[in-house]
Amino acid sequence: MKKIIILLLFIPLVSFGQNAFSKKTNFIIFFTDDQGYNDVGCFGSPDIKTPNLDNMAKGGMKFTNFYAQPLCGPSRAALLTGSYPIRIAEPKNTKDFHTKLHPKEVTIAEVLKTEGYQTACIGKWHVGEEPEQMPLEQGFDYYYGTPKYNGNSKLIEESPYRSPILRNNDTLMVINTVEEMGLLTNKYTKEATDFIKKNKKNPFFLYLAHNMPHVPIGASEKFRGKSEGSFYGDVIEELDWSMGEVLKTLKDEGLEENTLVIFVSDNGPWIEEKIGDHAGSAYPLKGSKAQTWEGGVRVPCIIQWKGQIKEGVTNTELLTTMDFFPTFLEISGAKLSQKLTIDGKSFSDVLLKNKKSKHDFFYYYAYTHLQAVRDKEWKLVVPRSKNPGYMKWRGSKINAVKEVQLFNMKNDKEEQYNLAEKNPEKVKELMLLIEEGRKELGDHNRIGKGARFFDDSPKTQRIDEYNKWKNNQKEN
């Protein structure tokens, strides 16, 4: 399908790629679902064992100020397009709670394909379910996984929802039991390693988006009951095994030094009483999934690129999943066919030259609501009401903030000490950034001038507003 891109702003991409490397670099994103900041050994987990991820950190870089979005769909959309979810175009000109990619949006996979990359999406998609929104229409040569989430309850039998597993466009099976749920990680791992072996002579991009540890969780018989961290720990330890298999395959096929591998979670852990011990931990961070406190958006990230980046480094630079898009383009030498606004910044110099992040700030959006902004050291949280009605059931995760709050992220990542009164100039500076964000990207009650829209219907913030307009059109 032909892509149409609206000209908004051009972000120049410095040619890097193949002047430095004799062969095109392969890219692997190992994306977990609802894995908390604390749910990795090298990030502090006291009882979950992750030797492969820990060794990956020893042989690469661990990032402690790495940001995603607070929920599954928006986080995936941001990663694939390099843009804040509220900027991304969606069908019917809406800016909905759970971002669905407009078919005319451009993904990392589509741009890498112009440089001869083979591309695969293995795992959870969840950025649109219409045929024109699925992976094969968004730049991927191969797809194996679930089109949405794997479920929405602690136990699979607690909900009528059942997730299918697709290969390309064909349904292979429907997950009906916890035992079948426990096969997912193993199935995805085999698909991933087979893809690597099949494409070892071609440059490739593998987007391995595991469903785990999103509820209902599952682990295979080999891992079930083995972790000191309960059933949830079993699930994480199988994910660690999966990463080990991917890294072993790269080594066996002689691809270690030519492949940039990223481990990262899509958001913080889903912490609710009804989930109980089936959820992870964001300790020592405040908050969880669906929230813009640090525990909802700051995620564990490890990057390995053997022979290219320094080993055993803990990096504190402010980086985001939106940065994968421009970083991969810069390293591969791929170019956007037209000018396009993206919010990510290439971090190739952070990896290769120990340079500073190119981000001056980061916006914290809960769905379409701008709730905070961070610069390199400070985070400003703006007032908001509890459980806002426009978020419907999703609003239950939003707590009230009665006054402006300012936190020093260098000394207080737990967000315990409000320093707003002591730093009025910093508050003023960051409030200006908030207003700039509202103007450019938008807010829950405002359309941003830089937001992308591709359809003819009115620009709206939520699908319910679009449906009202559509019904009015029919009546008239």
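The values are calculated or read from the model by the stated rules, or taken from the named source; none is laboratory data. The shown structure was predicted, so the numbers you read here are calculated from the model rather than taken from an experiment. Positions of Cβ are backbone-derived with ideal geometry, glycine not excepted, and every protein chain shown enters the neighbour counts.
If you go through region 276-334 one residue at a time, how many are part of a loop (DSSP other than H, G, I, E, B) and on the phi > 0 side of the Ramachandran plot?
Residues meeting the conditions: 5.
Say whether the condition of being farther than 15 Å from residue 435 by Cα and among the β-branched types (Val, Ile, Thr) is met by at least one residue in region 368-390.
So far as region 368-390 goes, no, none of its residues is farther than 15 Å from residue 435 by Cα and among the β-branched types (Val, Ile, Thr).
Among the residues of region 164-182, is there at least one that is on the phi > 0 side of the Ramachandran plot, assigned to a loop (DSSP other than H, G, I, E, B), surrounded by 19 or more Cβ atoms within 10 Å (Cβ to Cβ) and small (Gly, Ala, Ser)? Talk me through it step by step, then tell me what you get.
Narrowing region 164-182 to residues on the phi > 0 side of the Ramachandran plot: 168.
Add one more test, that the residue is assigned to a loop (DSSP other than H, G, I, E, B), and what stays is 168.
When the remaining residues are screened for being surrounded by 19 or more Cβ atoms within 10 Å (Cβ to Cβ), the result is none.
Taking every residue of region 164-182 in turn, none turns out to be on the phi > 0 side of the Ramachandran plot, assigned to a loop (DSSP other than H, G, I, E, B), surrounded by 19 or more Cβ atoms within 10 Å (Cβ to Cβ) and small (Gly, Ala, Ser).
Only one residue in 229, 218, 244 is in contact with a Gly (Cβ under 7 Å, 6 or more places away or on another chain) and in the same structural domain as residue 140 (by TED's automatic domain parsing). Which one?
Exactly one of 229, 218, 244 is in contact with a Gly (Cβ under 7 Å, 6 or more places away or on another chain) and in the same structural domain as residue 140 (by TED's automatic domain parsing), namely 218.
So how many residues does region 414-429 have that are polar (S, T, N, Q) and either modelled with pLDDT under 95 or loosely packed, with under 14 Cβ neighbours inside 10 Å (or both)?
So the count comes out to 1.
Going through region 101-153 one residue at a time, which ones are surrounded by fewer than 23 Cβ atoms within 10 Å (Cβ to Cβ), of a type in the set (D, E, K, R) and within 30 Å of residue 458 (Cβ to Cβ)?
Matches in region 101-153: 104, 110, 129, 130, 132, 137, 148.
Of the residues 259, 314, which is in contact with a strand residue (DSSP E or B) (Cβ under 6 Å, 6 or more places away or on another chain), crowded, with 18+ Cβ neighbours inside 10 Å and closer than 24 Å to residue 352 by Cβ?
Exactly one of 259, 314 is in contact with a strand residue (DSSP E or B) (Cβ under 6 Å, 6 or more places away or on another chain), crowded, with 18+ Cβ neighbours inside 10 Å and closer than 24 Å to residue 352 by Cβ, namely 259.
Give region 324-361 a look and list any residue that's surrounded by fewer than 19 Cβ atoms within 10 Å (Cβ to Cβ) and free of Cβ contacts under 8 Å to residues at least 60 places away in the same chain, or say none.
Those that are surrounded by fewer than 19 Cβ atoms within 10 Å (Cβ to Cβ) and free of Cβ contacts under 8 Å to residues at least 60 places away in the same chain: 349, 352, 353, 354, 355, 356, 358, 360.
Search region 262-289 for residues being of a type in the set (A, V, I, L, M) and at pLDDT below 95, and hand back the single one that is surrounded by the most Cβ atoms within 10 Å (Cβ to Cβ).
Start the filter on region 262-289 by keeping residues that are of a type in the set (A, V, I, L, M), which leaves 262, 264, 271, 275, 279, 282, 285.
Adding the requirement that they be at pLDDT below 95 leaves 271, 275, 279.
On the way: 271: 21, 275: 19, 279: 24.
Per the stated criteria, the residue is 279.
Matching residues to (1) outside the structural domain of residue 95 (by TED's automatic domain parsing); (2) part of a loop (DSSP other than H, G, I, E, B); (3) farther than 20 Å from residue 70 by Cα:
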{"residue": "373", "(1), (2), (3)": "yes, no, no"}
{"residue": "380", "(1), (2), (3)": "yes, no, no"}
{"residue": "395", "(1), (2), (3)": "yes, no, no"}
{"residue": "410", "(1), (2), (3)": "yes, yes, yes"}
{"residue": "420", "(1), (2), (3)": "yes, yes, yes"}
{"residue": "436", "(1), (2), (3)": "yes, no, yes"}
{"residue": "439", "(1), (2), (3)": "yes, no, yes"}
{"residue": "450", "(1), (2), (3)": "yes, yes, yes"}
{"residue": "455", "(1), (2), (3)": "yes, yes, yes"}
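Considering only region 157-210, state which residues are among the aromatic types (Phe, Trp, Tyr) and within 20 Å of residue 238 (Cβ to Cβ).
188, 195, 207
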